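The next block holds one structure in the form of C-alpha cells; read it before the comments.
The values are calculated or read from the model by the stated rules, or taken from the named source; none is laboratory data. Since we're looking at a predicted model, the values are computed, not measured. Reconstructed Cβ throughout: ideal geometry from the backbone, glycine too, with neighbour counts over all protein chains shown. Accessible surface is based on the protein model in full, side chains and every heavy atom, while ligands, DNA and RNA are left aside. Shrake-Rupley method; radii C 1.70, N 1.55, O 1.52, S 1.80 Å.
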Amino acid sequence: MSERDSPRYWVGDKPTTDILENAIYVSNINDIPSQLGGILCINLSNHQEIDASLRAFFRQPDRWSWCVYVTTETDYSQCVTDGLFDHATALETWSSIQPRLEAILSQGSIDPLIGWLGIHRRRRVFAFKSLESTSIYSYPIIEALFPDLYSTYRYVLSEQNHGVLEAEQLIDRIRVCPHCSSGHLNYIEVCPDCRSIDIDLQSSLHCFTCGHVGAQQSFQRRGKLECPKCFTQLRHIGVDYDRPLENHVCNHCTSLFVEAGTIAQCLSCRAKIKIEELAVRKYHQFKLGENGEYIYQHGKTIQAPELSIKGKVEIGFFQNLLAWLNKVALRHHEHHTLLALHLPSLDAYGKQYGDASLFSLMAQLTGRLSSLFRDTDICCQYKQDVLLVLMPNTPYSNVDVLQRKLLALSELIEDEDFELNVFSWGLPNAAIDDGISPWLDGLMEHIYAAR
Ligand SMILES: [Zn+2]
Ligand SMILES: [Zn+2]
Ligand SMILES: [Zn+2]
C-alpha cells in the first residue's frame with residue numbers, strides 16, 4: 001500500500017492549526033468507506049459525540065487497522081484511540097504500521113484484537129469505568145471490535161487463559177452480584193438473628209440487682225436512674241449497673257446484639273446476597289500475550305478445536321473397530337452400546353465468542369466427560385460437533401443411567417448457550433454388515449435432523 005492510496009479522513013470541524021494533509025473532510029463516520037489501514041482524526045468537542053463516533057467507527061469491519069486520533073480526549077477515547085492528533089506523530093505511526101499490515105494481509109485473515117494490538121505496540125486493552133453500566137467496568141476496544149459479545153469480562157479472561165492477552169497491571173477489584181453481574185450493590189447492616197434491616201443503635205443499661213437490660217431512656221425517672229423492673233436506684237456504674245456490650249437493637253425481633261451482620265443488596269436485580277457469595281472480578285490492563293504474539297507473527301495457527309478424551313481414536317480406526325465388534329457381537333451374542341454426543345451450538349458458539357472461548361468450553365467438557373467413561377470405552381470425534389463413544393459389553397438397557405449422567409453433566413457446563421444432545425444405539429445391528437460408512441452416515445442424518 002503506497003502513501004498515495006492511504007485513506008485519510010477528518011470528521012467534524014475543519015482544523016484551524018494542525019491539519020491532516022490530503023485529508024477528506026466528512027461530517028459523519030458512516031461516510032468513510034470500508035478500507036484497510038487509514039488515518040482518522042475526530043475533531044468534535046462534545047464528549048458524547050466523540051465517544052459515539054468512535055463506537056460506530058470501530059464496529060465497522062477492518063477498523064482495527066486504522067490509526068485513530070482525536071483533538072479532544074475523553075475517558076473513552078483513551079481506551080480505543082492512539083491519542084491526541086499531532087500531524088507528525090500520526091504520519092510516523094501510520095508509516096510504521098504499513099509493512100506490518102502488509103505482512104498480515106499476506107497471511108489471510110487475523111483476529112481483529114490481535115491485529116489491533118500487534119500493529120502498534122503502544123496499544124493496550126484498557127478497562128473503562130462507567131457508573132451508567134451495571135457491570136461498572138468494561139473493555140471498550142473489545143466491545144467495539146466484537147459488538148456481539150455478551151461479556152467482555154469473560155472474553156478477556158478466556159483470551160488471557162490462552163495467552164492471547166497478558167495482564168500488565170491490576171486496575172481494580174470489584175464485587176458483583178452472582179445473579180446478574182451488577183456491580184451496583186448496597187451493603188446493609190442487618191439483625192444477626194432475623195436478618196431484618198430495621199435495626200438501631202441503642203444505649204442500654206444493665207441493672208445488677210435484677211439483671212434487667214433495657215434502653216437507657218426507660219431507666220430515666222425524675223432526673224435519676226432507676227430500674228423500671230425492680231425500682232432500685234442506680235447510682236454508681238460498675239456497682240449498681242453497667243452498660244452491656246450489646247448496643248444494637250432489632251426493631252423487628254427486639255434482639256439486642258453487639259455486632260450487626262452485613263448483607264449486600266443488588267440495586268439492579270434486588271437480590272439479597274451474603275457477602276461471601278458475591279463474585280469478585282479483577283480488572284487488568286492487558287497487552288498482547290505470548291500466544292497472541294505467535295498468532296500475530298505466523299497467522300492463525302490454532303487448529304479446529306477438538307475434544308481430547310482418553311481412548312480417542314481416528315475415524316478410520318473407529319469404523320473398522322465398530323464393524324469388527326459388530327461381527328463378534330453377532331456371533332457371540334454380546335451387547336454393546338454406541339453413544340453419540342451432539343453439541344449443536346458449538347459452531348455458532350465459536351463464531352460468536354471466538355476460538356479462545358470455544359477452546360475453554362472444550363477443555364471444560366473434556367474434563368467432565370473423561371470422568372464419566374471407562375478406560376475400555378472408545379471415543380471418536382466423528383464430526384466437529386459429534387462425538388461417538390463405543391462402550392463394549394454395555395447392554396443397551398443400561399443407557400438410561402448414562403443418559404441421565406450426561407444430561408446432568410451438560411447442566412454443569414458453565415455456559416447458558418451450551419447444548420448437549422445424547423443419542424444411543426444398541427449393537428449388534430445387522431445393517432452394519434451392508435457397510436459401516438453408509439450406516440454411520442445414516443446416524444449423522446438422524447442426529448442433524450433431530451434439531
Ligand atoms: Zn432491676
Ligand atoms: Zn431481628
Ligand atoms: Zn443482581
Which of the strands (runs of 3 or more DSSP E) contained wholly in the range 196-236 include at least 2 residues that are more than 16 Å from residue 250 (Cβ to Cβ)? 204-207
Test for residue 253: is it touching a residue at least 60 places away in the same chain (Cβ under 8 Å) and within 13 Å of ligand 2 (Cβ to nearest atom): yes
Can you name every residue in the range 237-264 that is open to solvent by 60 Å² or more (accessible area, probe 1.4 Å) and of a type in the set (A, V, I, L, M, F, W, C)? 237, 239, 245, 256, 258
Pairs, first over 20 Å from residue 131 (Cα atoms) in the range 155-181, second surrounded by 16 or more Cβ atoms within 10 Å (Cβ to Cβ) and among the acidic types (Asp, Glu), C-beta under 6 Å, six or more apart: 165/159
So which of 94, 66 is in the same structural domain as residue 164 (by TED's automatic domain parsing), crowded, with 21+ Cβ neighbours inside 10 Å and on the phi < 0 side of the Ramachandran plot? 66
One residue from 158, 135 being open to solvent by 20 Å² or more (accessible area, probe 1.4 Å) and of a type in the set (S, T, N, Q): 135
Scanning for something among the small types (Gly, Ala, Ser), open to solvent by less than 60 Å² (accessible area, probe 1.4 Å), farther than 30 Å from residue 113 by Cβ and away from ligand 2 (no atom under 16 Å from the Cβ), does the range 193-212 turn up at least one residue? yes
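Quick grid of which residues meet (1) in a loop (DSSP other than H, G, I, E, B); (2) in the same structural domain as residue 81 (by TED's automatic domain parsing); (3) within 16 Å of ligand 3 (Cβ to nearest atom):
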position: 114; (1), (2), (3): no, yes, no
position: 153; (1), (2), (3): no, yes, yes
position: 160; (1), (2), (3): no, yes, no
position: 178; (1), (2), (3): yes, no, yes
How many residues are touching a His at 6+ places or on another chain (Cβ under 9 Å) and within 16 Å of ligand 3 (Cβ to nearest atom) when one looks only at the range 247-293? 6
Tell me which residues, restricted to the range 97-113, are in contact with a helix residue (DSSP H, G or I) (Cβ under 7 Å, 6 or more places away or on another chain) and open to solvent by 80 Å² or more (accessible area, probe 1.4 Å). 100
